[in-house]
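Input: a single structure, listed below in structure tokens.
The values are calculated or read from the model by the stated rules, or taken from the named source; none is laboratory data. Keep in mind it's a predicted model, so treat the numbers as computed, not measured. Note that we place each Cβ from the backbone using ideal geometry, even for glycine, and neighbour counts take in every protein chain shown.
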């Protein structure tokens, strides 16, 4: 029915190394299904390749055992790419969409570390074919972005949500892992503590077993952050020969990371068969045609069911029946009514406000315009509005107009005043280097959402300020020997209240 030929999947993952089931050989990164990609990891602690952003998405990431010993590559991107689009070449395994194009986009680095918010947002835009300053345009814009990544962020970073919204506006589907609980018993973790699954405008994927129930390791959705669809999470896929447990280029692997490329592959099959389908069309098709779980599970918790490629393709290729037309009537057009618009959400920089109102009859056309201090905000014409620094201290409200023939009614919501946003800590500051007298220590400022524009440092000895120690570097002296050092980082960004966090203590030898 479809092999994915003509569709493109951008794999936002750890990059790739050559594999015959993807590129046709063990020596060439590109070829077969794989075309030129990009590396979007700027943090050299994570990148492990000696440079920042560049046009080489080769996977250089390593993994360590419990004792910290290097045990070789982990090749996460190779495994997910194999599930999505391994070649149908008479050997090994076959991907869901074996003729789809793969664009490797490197956002996962050494020791399973994930790129910073700004890097990940840039990778999403680039994969979708949106221009990114300083980077050549993606010559193969994706139909679907496959993100088999999950980190413990309780809220979606602003930069990430804006990038996702931009991708979807370009009709690019964004498929994201629900995340893994990694326990053999007990309650599962929920999606609402795992980003980018906490973001909006995405397809959230849980993991199903071969018998059609939810895998024990799969995170689950909630009413606030519901799962979208499930897909097989235990699968045989690709690996480099140097990877531990790799058997002649193949490995058994598990996780919602493997469920995501199943769904991304099905999206590619649909787009190859019906290029005009919108992201909303595709989401509706895969959820409407999903195979029910063998053990009943609420759709918000597990997803609509297990993704069913043949059923989805049958629905898509059958086309959409246009709505029935009605005969002209001499009955006068009814008068339109509109309830008072109500704005919900947090009125702060970086947060999203949503307006709700109901027009009657339901056939009335409803338009929205957000106002700042009574003046229309350019481009702010959707039900949702994300406040920016330009809105700080301003009075913001939504004006709605309902139209049905000659009948027009206009209503405006109550105004809200936009206050400063909040800088959210995602990862605490830490001290790197050897804690020994005379050797330099360096403070890492941690990870914040959104990314701060300025950082200030203060070093402490046993919880007391060290006079003059206010830079990112500190060289312990004899006074520090046997004492515990820590560093506090203050962060600032225009339009946001400043924040601070303190690292764990390091005892000086």
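Among the residues making up the range 452-465, those that are surrounded by fewer than 18 Cβ atoms within 10 Å (Cβ to Cβ) and not in a strand (DSSP E or B) are 453, 462, 463. Would you mention how many residues in the range 383-398 are over 13 Å from residue 356 (Cβ atoms) and without any contact (Cβ under 8 Å) to a residue 40 or more places away in the chain? Of the residues in the range 383-398, 4 are over 13 Å from residue 356 (Cβ atoms) and without any contact (Cβ under 8 Å) to a residue 40 or more places away in the chain.
Going through 36, 10 one at a time, which residue ends up being surrounded by fewer than 16 Cβ atoms within 10 Å (Cβ to Cβ), touching a residue at least 24 places away in the same chain (Cβ under 8 Å) and not in a helix (DSSP H, G or I)? Step by step, each of 36, 10 is checked, and only 36 is surrounded by fewer than 16 Cβ atoms within 10 Å (Cβ to Cβ), touching a residue at least 24 places away in the same chain (Cβ under 8 Å) and not in a helix (DSSP H, G or I). Against the test of being outside the structural domain of residue 498 (by TED's automatic domain parsing) and under 27 Å from the mean Cα position of the chain (by Cα), the options 343, 375 yield a single qualifying residue, 343. Taking the numbered list (1) part of a loop (DSSP other than H, G, I, E, B); (2) within 30 Å of residue 485 (Cα to Cα); (3) at pLDDT below 95 in turn, residue 439 passes all entries but (3). Listed conditions (1) surrounded by 19 or more Cβ atoms within 10 Å (Cβ to Cβ); (2) over 21 Å from residue 139 (Cβ atoms) are all met by residue 45, apart from (1). Considering each residue of the range 142-187, count those that are modelled with pLDDT of 95 or more and surrounded by fewer than 19 Cβ atoms within 10 Å (Cβ to Cβ), and give that number. Total meeting the criteria: 0. Could you count how many residues in the range 92-116 are under 19 Å from residue 54 (Cβ atoms) and part of a loop (DSSP other than H, G, I, E, B)? Looking only at that region, the number is 5.
In this structure, does residue 50 turn out to be touching a helix residue (DSSP H, G or I) at 6+ places or on another chain (Cβ under 7 Å) and on the phi > 0 side of the Ramachandran plot? Against the criterion (touching a helix residue (DSSP H, G or I) at 6+ places or on another chain (Cβ under 7 Å) and on the phi > 0 side of the Ramachandran plot), residue 50 does not qualify. Filtered by the rule that a residue be outside any loop (DSSP other than H, G, I, E, B) and without any contact (Cβ under 8 Å) to a residue 12 or more places away in the chain, the range 240-262 gives a lone residue, 247. Only residues that are more than 17 Å from the chain's Cα centre (by Cα), surrounded by 22 or more Cβ atoms within 10 Å (Cβ to Cβ) and outside any strand (DSSP E or B): list them for the range 216-239, please. Across the range 216-239, the qualifying residues are 233, 239.
Residues in the range 267-282 that are surrounded by fewer than 18 Cβ atoms within 10 Å (Cβ to Cβ) and either farther than 26 Å from residue 101 by Cβ or under 21 Å from the mean Cα position of the chain (by Cα) (or both): 278, 280, 281. Of all the listed residues (55, 66, 86), the sole one being on the phi < 0 side of the Ramachandran plot and free of Cβ contacts under 8 Å to residues at least 60 places away in the same chain is 66.
Sort out which residues of the range 283-308 are touching a helix residue (DSSP H, G or I) at 6+ places or on another chain (Cβ under 9 Å), crowded, with 21+ Cβ neighbours inside 10 Å and assigned to a helix (DSSP H, G or I), and write them in order of number. Scanning the range 283-308 gives 285, 286. For the range 353-371, which residues satisfy the criterion of being surrounded by fewer than 18 Cβ atoms within 10 Å (Cβ to Cβ) and more than 15 Å from residue 403 (Cβ to Cβ)? Correct list: 354, 356.
Quick grid of which residues meet (1) under 21 Å from residue 112 (Cβ atoms); (2) part of a loop (DSSP other than H, G, I, E, B); (3) out of contact with any strand residue (DSSP E or B) (no Cβ under 6 Å at 6 or more places or on another chain):
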| site | (1), (2), (3) |
| --- | --- |
| 19 | yes, yes, no |
| 25 | no, yes, yes |
| 45 | yes, no, yes |
| 52 | yes, yes, yes |
| 60 | yes, yes, yes |
| 87 | no, yes, yes |
| 90 | no, yes, yes |
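Within the range 62-84, the set of residues being outside any helix (DSSP H, G or I), over 10 Å from residue 15 (Cβ atoms) and touching a strand residue (DSSP E or B) at 6+ places or on another chain (Cβ under 8 Å) comprises 62, 63, 64, 65, 70, 71, 72, 73, 74. Between 207, 195, which is in contact (Cβ under 8 Å) with a residue 12 or more places away in the chain, closer than 24 Å to residue 310 by Cα and in the same structural domain as residue 281 (by TED's automatic domain parsing)? None of the others qualify; the one that does is 207.
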